[in-house]
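Report on the following structure.
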Amino acid sequence: MKTAIITFPGTNRENDMAAAVKLTTGKSPDLIWHKETTLENYDLIILPGGFSYGDYLRCGAMAAHSPIMKEIIAQAEKGTRIFGVCNGFQMLIETRILPGALLKNKNLKFICKNVHLRSENTDTHFTKHLKEGSVIEVPVAHGDGNYFATPDILSDLAANDQVAFRYCDAQGNVSEEANANGSIDNIAGIYNKRKTILGMMPHPENATLSHQKTQDGVPLFEGILNGLM
Amino acid sequence: MSKKISVKVTLKKGVLDPQGKAIEHALGTLGFQGVENVTQGKLIEMDVADDTTDAQIKEMCEQLLANPVIEDYEIKSA
């Protein structure tokens, strides 16, 4: 299987993502510069974290109009698996591949800490190695991760079982106190309708290696990558 | 020839605006009484070719300058 990690000016988590992919598959992914216009034969496309284009205008807004994005939108329509983390999630939102918006964190602070996530719908290629309702602990590192959706979008997400993760406490309670950034309904990550695309603010790639605080991201990467190998 | 256009982008009503709230709080701290409903937005100014249509400027707003899920925009020509 072949994995592409797309990089933009200001991307800074591509090597963390590459390490997690290599740990899972034994193979290094290709790092692809955003000026490329084709992505041939990739089974998985990853949009990693960072601060593309200095977060100008809105986070991910500039990257959403990069040359590579036309191809990513075409691949999304074809059903190629796409995984966006943090700034990558913001890009998927800004291209409207995923619905909703990401606002400034409710407390206006850049939040960098470990959080707990409850796995919601785990009947997907991405999360099949997680148990529904189980809790994973992974880091977040963002200033604009406050997920917002209109009532229409929220009812669509519910009707199609598109919520992947919610912020919760260590016991799995989804509460206001456990809501890291003010996201509506504690939403931390969502799928597209077909469940071929996952976008999330937290960084599971930084919870995979032995020196990291937890390795709770490992089953997620195994789910994402194993079915494709 | 070109014409000047400005686009004001603001958060839609009902969308949480923590920056506006922080400014409101700071004004209160400074001793300004009775300040309410502070919101913060963006002003984008540009020169566009004379024959640019209103529809094209609207497209610029819809596609890039504003995020229609959370933001309203107002176009003004100088």
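Listing for the model above:
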item	result
Across A:Lys27/A:Lys104; A:Lys35/B:Lys12; A:Lys27/A:Lys109; A:Lys22/A:Lys131; A:Lys109/A:Lys195; A:Lys109/B:Lys4, pairs whose alpha-carbon gap is larger than 28 Å	A:Lys27/A:Lys104; A:Lys35/B:Lys12; A:Lys27/A:Lys109; A:Lys109/A:Lys195; A:Lys109/B:Lys4
For the protein assembly as shown, size of Cβ-based charge dipole, Lys and Arg +1, Asp and Glu -1, in debye	360
Selection from A:Ile73, A:Gly26, A:Gly54, by position along the positive dipole direction of the stretch A:1-120 (Cβ)	A:Gly54
Sequence-separation-based contact order of the stretch A:3-226, relative, with Cα cut under 8 Å and 6+ spacing, percent	21
Angle between chain B longest axis and helix B:18-29 axis [Cα atoms, degrees, rounded to 10]	50
Rounded, prolate or oblate (a/c below 1.5 giving rounded, otherwise prolate when a/b exceeds b/c) for the stretch A:1-52 by Cα gyration tensor	oblate
The stretch A:57-186, relative contact order in percent, only Cα pairs under 8 angstrom and at least six apart counted	25
Burial ordering of B:His25, A:His125, A:His203, A:His211, fewest other beta-carbon atoms within 10 Å first	A:His211, B:His25, A:His125, A:His203
Net charge of Cβ neighbours under 10 Å - reference A:Ile68; Lys, Arg +1; Asp, Glu -1	0
Prolate/oblate/rounded call for the stretch A:143-229, Cα gyration tensor, a/c under 1.5 rounded	oblate
The stretch B:2-77: radius of gyration over Cα atoms, expressed as a fraction of 2.2 N^0.38 Å	1.38
For A:144-154, mean number of other protein chain Cβ atoms within 10 Å	2
Residues with amide H under 5 Å from that of A:Asn146, placed H, sequence gap 5 or more	A:Leu103, A:Asn105
Given charges at Cβ of Lys, Arg, Asp, Glu: the stretch B:2-77 dipole, positive-most of B:Ile23, B:Ser6, B:Pro68	B:Ile23
Prolate/oblate/rounded label for the protein assembly as shown (Cα gyration tensor, a/c 1.5)	oblate
Residue order, fewest to most beta carbons within 10 Å, for A:Leu47, A:Leu117, A:Leu98	A:Leu98, A:Leu117, A:Leu47
Between the stretch A:123-158 and the stretch A:25-70, the Cα center-to-center distance that results, in Å	21
Förster radius 41 Å - calculated FRET efficiency between B:Ala22 and B:Thr53, Cβ distance, rounded to 0.05	0.60
Per-residue average of Cβ from other chains inside 10 Å of B:66-72	5
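Bear in mind that the values in this text are calculations on the coordinates, not laboratory data. Predicted, not measured: the structure shown is a model, and the values here were computed from it. Heads up, the Cβs are rebuilt from the backbone with ideal geometry, glycines too, and the neighbour counts pull from every protein chain shown.
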